[in-house]
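All remarks here apply to the structure that follows.
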Amino acid sequence: MRRWIAAAVAAIALAGCSGVRLAYDNADTFIRWRTLQFLDVHGEQADELDERIAAFMRWHRTQALPKYARDAEDAARRLERGLAREDLVWGYDVFIGHGREAMRAAADQAAPLLDRLTPDQVRHIEQRLTEENRKFAREYLRGSERERREQRAKRIVARLEDWLGTLSKAQIEAVNQFSVRAPLIDELRDRDNKRVQGEILAIIRAHETRKRLGDRVANWDKGRDPAYLAARAANVHEFNTMLLEIDRAATREQRARVIAELRRYAVEFRALAARPAS
């Protein structure tokens, strides 16, 4: 269920594209498109949705972007002086913190509208979630264990090359070794998604989104299966080990490229945050 609320957070990820400002200028359109895949609203409700998206984007520009700029600059400095495991732990914690803050802000904006949904509109959300879960299963739960580990490695290589450029054989091997060592957690993730979806649907049906939704989506890991928590922790540890190995094998040009990108993002985030309110 949180996936459609997370459209607001996903829009922020568009800033990772080649044109940060262009992506950000179109974030409201993306959020509306993604949200309307779950919400069946028309007329005054559709107008209200647009107003609430605009309010979220104003909050994000003035409150979140300055923090992103600060943290992007901090990340560049950490990488410049030499990457350590504590830097990766810091980066993960920062990312999660920003996610929680944005999820709460998005939920707080959406809650008054969600509290007035009809039973038919709630059923529409439930149907769309079922379709999203099927899509997740097609993308992440099909194939043998070996095939899924290979696909995971390919996805990671593609993401890393967006930042570093072409990886060396040693760096690709580090990715492959991560995918061999790290547990596959997609089944656990699928079950956890469905658990949270059910809890949020219950909040909407009870017309208690203004009271409870912000806390629920900001604390998405509350009530998780201990087995999933342990598997995620192992996964993060192995992922950080992989990143340290890739960093040790990085060329001067690769490292300079990442540092320059991080500083470019910091500049872009500050410029966007300084724009006058529209």
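Averaging over all projection directions, the Cα-based convex hull of the chain occupies 14.9 nm² in the image plane.
Model label sites at His207 and Glu150, defined 7 Å from Cα along the beta-carbon direction, differ in position by 5.5 nm.
With all protein chains kept in place, the per residue accessible area of the chain amounts to 53 square angstrom at a probe of 1.4 angstrom. For the range 181-278, the normalised intensity computed at q = 0.10, 0.12, 0.22, 0.24 Å⁻¹ comes to -0.57, -0.76, -1.00, -1.09 (log10 of I(q)/I(0), Debye sum over alpha carbons, equal scatterers, no solvent). On the chain, 53 percent of the accessible area sits on carbon and sulfur atoms, based on a 1.4 Å probe. Enter the Cα centre distance for the pair the range 196-264 and the range 117-147, rounded to the nearest angstrom. So the separation of the two Cα centres works out to 20 Å. For the chain, the longest piece that avoids every one of the trypsin sites (Lys or Arg not before Pro) found in DSSP loops with at most 14 other C-beta atoms within 10 Å covers 1-115. When only Cα pairs under 8 Å and 6 or more residues apart are kept, what is the percent relative contact order across the chain? Relative CO of the chain lands at 34 percent. Percent of Cα pairs in the range 157-222 per distance bin of 5 Å, from zero to the largest separation: 3, 14, 15, 12, 10, 10, 11, 10, 8, 4, 1. For the range 65-164, the equivalent ellipsoid built from the Cα gyration tensor has semi-axes of 34, 26, 9 Å, listed from largest to smallest.
The values are calculated or read from the model by the stated rules, or taken from the named source; none is laboratory data. On a predicted model such as this, the values are computed, not experimentally measured, just so you know. Cβ sites come from the backbone with ideal geometry, for glycine too, and all protein chains shown count toward neighbours. Note: areas computed on protein heavy atoms with side chains; ligands, DNA, RNA excluded. Shrake-Rupley method; radii C 1.70, N 1.55, O 1.52, S 1.80 Å.
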